[in-house]
Amino acid sequence: MVPGTGTFSEGEDCVEASDAILAYGSDSRPQFWIYVPDGYDPGMILKLQVMRNYHLVAEQDFPMPTEAGLISIELDYALEPGLTYTWIAEVMVTTGPGRSGNPRSGGLVQYQPVEPGVLAQMDGLPPLERAQRYGEEGFWYEALNELAVLRRSEPNNAEVLAAWRGLLASYGLEIFAEQPFLDCCQVMD
């Protein structure tokens, strides 16, 4: 899930994407949230690739969930501050040459450390306020992750649900607001 300029909608075979915009993260190893539709065979692989200037800098493989929902993948590669990276999550339906038909999604990420004064102010905030502050400061990945963690731990909290729905709707991602969270994904050896 990445912030975009349009609205996602269910396609016949997959989710059709809007135009993704550059998103900022305050952690050099961002956590990506990915929607996985159902219907994939057990044993399939989800490949995460990170590129800089069209050069592969990191690659991780994960077992593909067989049910629909949201998964979280933490990048095991440290991004350099101020550089823009492209990340792609691809379901390896076909391997080798001719992979262009594989379902994939991705976006742009840039690591920007939070200024120390702002970080000090955020450290004492309750999680919901911290998530909102990350959003106000322009840190998409942290705002999304903080709210996802809250949503998972407090599924019946109306204030958390409203904040989750609001963040997703503000970037055309409201279709994912009610999706379940899946316990997944450990890097494959």
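Quick note: the coordinates plus some simple rules give every number you see, no bench work behind them. Keep in mind the model is a prediction, meaning the values are calculated, not measured. Neighbour counts are summed over all protein chains in view; Cβ atoms, including those assigned to glycine, are modelled from backbone coordinates with ideal geometry.
Details
- Estimated FRET transfer efficiency (ALA169, LEU22; beta-carbon r; R0 22 Å; 0.05): 0.65
- Evaluated over the range 80-167, the Cα radius of gyration and Dmax, each in Å: 17.0, 51
- Dividing the mean sequence gap of close Cα pairs (under 8 Å, 6+ apart) by how many residues the range 47-139 holds gives a relative contact order of 24 percent.
- Nearest-0.05 FRET efficiency for ALA158 and ASP76, computed from C-beta distance (R0 45 Å): 0.80
- Pair-distance distribution of the range 26-76: all C-alpha pairs, bin width 5 Å, starting at 0; shares per bin in whole percent are 5, 18, 25, 24, 16, 9, 4, 0.
- A straight chain from TYR54 to ILE88 at 0.36 nm per residue would run longer than the Cα-Cα distance by 11.1 nm.
- Overall dimensions of the range 49-130, expressed as equivalent-ellipsoid semi-axes from the Cα gyration tensor (√(5λ), whole Å, largest first), are 31, 18, 9.
- Compactness index (Cα Rg / 2.2 N^0.38 Å), the range 49-97: 1.32
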